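Let me begin by presenting the structure, written as structure tokens, before commenting on it.
The values are calculated or read from the model by the stated rules, or taken from the named source; none is laboratory data. All values reported here derive from a predicted model rather than from experimental measurement. Cβ atoms come from the backbone with ideal geometry, glycine included; neighbour counts cover every protein chain shown. Remember, those area values only see protein heavy atoms, side chains included, never the ligands or the DNA or RNA. Shrake-Rupley method; radii C 1.70, N 1.55, O 1.52, S 1.80 Å.
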Amino acid sequence: MDKGQIAMSSVRKLAKNNATMEDLPPLDRYRADEILEPNGPIWGLAQIAGRLGLSVDTVRELASREDTPIYRPSGKYFAWSAELDAWLRSK
């Protein structure tokens, strides 16, 4: 199922339940990424920390380690969901 089919599936579910878009939480950049690309990037320390259930300081410390799949190529931290999940399973 591609992204367009997933989006249409969500719209059909809303219509079936007589729900409206106002019934959903606001669609911000992070929620959109999670819906459209579940194995895509997670941007920012706060989002990564939330995903891992850790503090921002702990994630910053983890990011400095070479074996952790948290990157900072242009100043902003990010991690790929799939890599992060695989790393967590290996611990």
**Enumeration of residues in region 35-45 that are out of contact with any strand residue (DSSP E or B) (no Cβ under 9 Å at 6 or more places or on another chain) and in a loop (DSSP other than H, G, I, E, B)** = Glu37, Pro38
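Is it the case that Ile48 is aliphatic (A, V, I, L, M), at pLDDT below 90, closer than 28 Å to Arg89 by Cβ and not in a loop (DSSP other than H, G, I, E, B)?
no
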**Subset of region 51-76 (residues that are assigned to a loop (DSSP other than H, G, I, E, B), at pLDDT 90 or above and open to solvent by less than 70 Å² (accessible area, probe 1.4 Å))** = Ser55, Thr68, Pro69, Ile70
